[in-house]
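A.B. asks: Below you will find the structure I want to go over with you.
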Amino acid sequence: MGQVMGKAVNLALYGMICGFASGYYFTKRIVSSFSKSEDAPRDISGQPISLKKKVVVITGCDTGFGRLLSQQLSCGAESSNTNTNTNMNMYVVALCLTSEAAQELTNLNDSICGIQCDVTKDEDIQRVTVRIETILEEDKAYLHTLVNNAGIANPGNFLFYKNTKPLEQVMSVNYFGMIKVTKSLLPLFLRTSPTFGGRILNMSSVCGASASPGNSAYNASKFAVEAFSDSIRMELKEQPFNISVVKVRPGQFSTTIQSDWSHGFKKNFETASSPIQELYGGEAFAANMEKTYVSSSGADGGPPGGQPQYVVDFLKSLICEKDLNQLEPYYWLGNDANTLWKALHHLPTQIGDSIKAFFHVAPILIMSLPLLPPTNVVSHVTISVKNIEKSLSFYKAFGLMPVGDTVNGQRFLLCNSSKRTKSPDWSTLVLLKEDSDMPSPRGESYEAGMTRLCIYTSSMEDDVQRLKSQHEMTPIAPTTHDEKAGGVITAFKDPDGFVVYLTQFNGLLGKMVNANLWRKKRSTPWLFHWTINISQDIQGVMLAFEKMGFQTLSDQDSDQVANDLLPAFNMDPHTTKIEHIRTCNRKNDMFHATLMQWIAPKSEKKGWEKSNAMTIAVDDVYAALDVAKNAGLETTGVEYRVLPIYGNVLFGTAYVEPGSAPIEFCCFRQKHIY
């Protein structure tokens with residue numbers, strides 16, 4: 001209740017302030033309309049002083065608005081917006097970044113002087129001020145107008161920039177350059193402005209009234225121009241200063257800065273780091289960017305927008321306006337400024353943002369590539385290989401297709417993602433990781449700490465025949481059936497000896513699995529599970545997996561293990577003894593982990609059991625490591641690693657047993673992007 005009353009009081013106060021302010025303003029306007037206007041300055045004989053030379057200083061005269069305005073004012077061209085002759089005994093001081101442009105303007109006629117001046121350099125501004133002071137004294141003139149026109153743009157999304165120097169440069173020219181020139185020339189204004197008045201025209205932009213994406217540096221500089229102009233307008237308007245400050249907000253016009261904008265945006269994207277480019281969609285984003293800018297170019301292929309002459313004519317009318325009281329605080333110039341941008345300026349932020357999104361080149365999600373894995377699923381399994389190109393043909397034969405590019409000797413493979421369009425299940429990926437120093441072939445599948453990949457199929461006989469005939473792949477042993485368990489297995493070894501095996505269930509269990517696949521809109525082959533050999537204390541490992549969020553699907557003690565399937569791995573079912581097998585998974589994850597402890601044959605760890613890993617996507621790597629450590633697993637520190645598709649992401653590692661069978665935790669959203 002108190003909050004409601006507080007809001008009501010605030011609303012009432014807001015209304016009262018608006019009402020009183022509006023009443024005061026309109027009353028003042030009415031009173032001033034009946035007041036006698038100030039007479040023009042007169043000489044000692046009582047005649048108006050009309051022939052005194054007026055000096056107009058314009059910055060940024062190399063190209064664009066500044067170039068046209070300085071040329072036409074000095075030549076006495078007439079404005080299409082006013083019947084007043086723009087010459088009016090004016091002398092133009094045109095400030096240019098380059099000495100060549102300054103000399104060209106100086107050579108134009110006797111009513112213009114081009115001066116080289118970098119508005120970011122104090123020494124240049126000081127030199128120009130001394131020169132202007134000399135002109136005023138020699139010609140018995142007064143400083144009539146300052147047009148702060150110098151400006152640059154360095155467009156691009158904020159993440160494109162590797163450092164802040166490009167943004168600082170934009171602010172240095174557009175904002176600090178403007179205030180430095182204004183500060184330096186104000187003493188010259190104040191010598192005569194109480195009598196003759198003065199005007200400062202600050203070139204803002206529609207981007208100074210409503211910020212647009214992809215242009216943060218320019219937006220910020222023009223918002224600063226707007227705020228500064230508003231402050232000094234109120235400070236300098238009345239006597240004893242008598243200087244009017246006006247903001248000019250051009251929309252889109254065919255100027256050099258406009259044509260350079262699209263080129264600058266593309267250049268900044270191309271020079272961004274590779275991870276940043278990948279975040280935005282890489283080549284697809286670049287192609288869309290090119291298409292957007294080509295479609296938005298002018299009819300003649302040049303920069304889009306209206307004719308610059310319109311702005312120049314309007315500026316001349318402001319300069320030639322005799323009554324400073326007729327100058328408004330700001331002006332919108334251009335069709336787009338007076339419609340779209342004016343509306344965006346007044347609309348609520350959320351509505352304005354939704355409109356701006358239509359003309360923003362947004363990041364492109366590459367739908368052919370996997371999206372970010374959801375939290376708490378097995379994102380991928382890593383299989384180390386000696387030669388990635390040689391191994392690719394092996395895994396492609398099983399239906400695992402490459403996605404993305406090979407990065408740092410790593411390549412992701414995808415096996416039949418879910419066909420559900422709404423909330424599809426995650427499809428665990430395989431990451432092939434090249435290690436040319438890896439011993440090959442690696443150890444046997446039953447050795448301590450070793451892992452295996454199981455792929456489920458619904459057409460074992462056809463798949464095995466295809467692998468033999470089309471890919472010349474030979475199984476480790478003939479296909480093995482277990483009538484009691486209803487299982488079928490055919491095992492293969494990749495070029496480095498890692499075991500990948502096909503499995504199929506028959507009978508009731510097979511029907512249940514196929515029904516689940518149908519419900520999930522999945523087809524086969526399907527990545528089924530990752531087997532981890534445990535050398536000792538499987539009970540402790542199973543408890544640790546439970547604490548890490550794995551739920552048990554099946555448990556088999558030594559007397560329940562289907563030894564009839566062991567011949568598929570070229571193992572004798574009579575001499576092999578398995579203590580326990582547990583299959584488990586994470587909630588809402590279709591990929592499984594199988595923990596298996598071998599009693600016989602007994603083996604020792606030989607080092608290569610560290611080379612493969614199972615990775616779980618998490619929200620916080622540090623928290624996941626804490627859970628694993630508290631569950632009794634050995635853990636290591638965190639590190640950033642570069643992955644294909646996902647960039648430089650944060651990893652942490654735990655080991656199922658000391659020094660073997662890594663379980664990795666990865667936060668795909670926590671990137672190191674620079």
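A.B. asks: Among all residue pairs at least 6 apart or on different chains, which show Cβ distances below 7 Å where the first residue, located in segment 133-151, is touching a residue at least 40 places away in the same chain (Cβ under 8 Å) and the second is in a helix (DSSP H, G or I) and among the polar types (S, T, N, Q)?
C.D. replies: Leu146/Thr182; Asn148/Thr182; Gly151/Asn174
A.B. asks: If you take the residues in segment 562-604 that are within 54 Å of the chain's Cα centre (by Cα), among the basic types (Lys, Arg) and assigned to a strand (DSSP E or B), which one is surrounded by the fewest Cβ atoms within 10 Å (Cβ to Cβ)?
C.D. replies: Within segment 562-604, the match that is surrounded by the fewest Cβ atoms within 10 Å (Cβ to Cβ) is Arg586.
A.B. asks: Kindly indicate which of Lys180, Lys140 is part of a helix (DSSP H, G or I), among the basic types (Lys, Arg) and either at pLDDT below 95 or out of contact with any strand residue (DSSP E or B) (no Cβ under 8 Å at 6 or more places or on another chain) (or both).
C.D. replies: Criteria check complete, one pass: Lys180.
A.B. asks: Tally time: how many residues in segment 153-162 are surrounded by fewer than 21 Cβ atoms within 10 Å (Cβ to Cβ) and in a loop (DSSP other than H, G, I, E, B)?
C.D. replies: Selection size over segment 153-162: 2.
For every residue, the table says whether it meets (1) under 18 Å from Gly334 (Cα atoms); (2) at pLDDT 95 or above.
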residue	(1), (2)
Asn215	no, no
Ser221	no, yes
Phe228	no, yes
Glu238	no, no
Val245	no, yes
Gly251	yes, no
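A.B. asks: Is it the case, given these coordinates, that Lys468 is modelled with pLDDT under 90, more than 47 Å from the chain's Cα centre (by Cα) and surrounded by fewer than 18 Cβ atoms within 10 Å (Cβ to Cβ)?
C.D. replies: For Lys468, the condition - modelled with pLDDT under 90, more than 47 Å from the chain's Cα centre (by Cα) and surrounded by fewer than 18 Cβ atoms within 10 Å (Cβ to Cβ) - is not met.
A.B. asks: I'd like to check which strands (runs of 3 or more DSSP E) are fully inside segment 607-660 and have at least 1 residues that are among the small types (Gly, Ala, Ser).
C.D. replies: 613-617, 647-657
A.B. asks: Among the listed residues Thr145, Thr134, Thr120, Thr106, identify the single one that is surrounded by fewer than 21 Cβ atoms within 10 Å (Cβ to Cβ) and closer than 24 Å to Val248 by Cβ.
C.D. replies: Selected residue: Thr120, the only one of Thr145, Thr134, Thr120, Thr106 that is surrounded by fewer than 21 Cβ atoms within 10 Å (Cβ to Cβ) and closer than 24 Å to Val248 by Cβ.
A.B. asks: All but one of (1) of a type outside the set (Gly, Ala, Ser); (2) outside any loop (DSSP other than H, G, I, E, B); (3) at pLDDT below 95; (4) in the same structural domain as Phe196 (by TED's automatic domain parsing) hold for Phe20; state the number of the condition that does not hold.
C.D. replies: (4)
A.B. asks: Follow-up question, since we're still on this one. Restricting attention to strands (runs of 3 or more DSSP E) lying wholly within segment 364-455, give those where 1 or more residues are at pLDDT 95 or above and within 28 Å of Pro567 (Cβ to Cβ).
C.D. replies: It comes to 378-385, 429-434.
A.B. asks: If you check Ala613 against the conditions, is it out of contact with any helix residue (DSSP H, G or I) (no Cβ under 6 Å at 6 or more places or on another chain), closer than 27 Å to Asp557 by Cα, crowded, with 21+ Cβ neighbours inside 10 Å and among the aliphatic types (A, V, I, L, M)?
C.D. replies: In short, yes.
The values are calculated or read from the model by the stated rules, or taken from the named source; none is laboratory data. As the structure is a computational prediction, the values presented were derived from the model and not from experiment. Note that each Cβ is placed from the backbone with ideal geometry, even for glycine, and that neighbours are counted across all protein chains shown.
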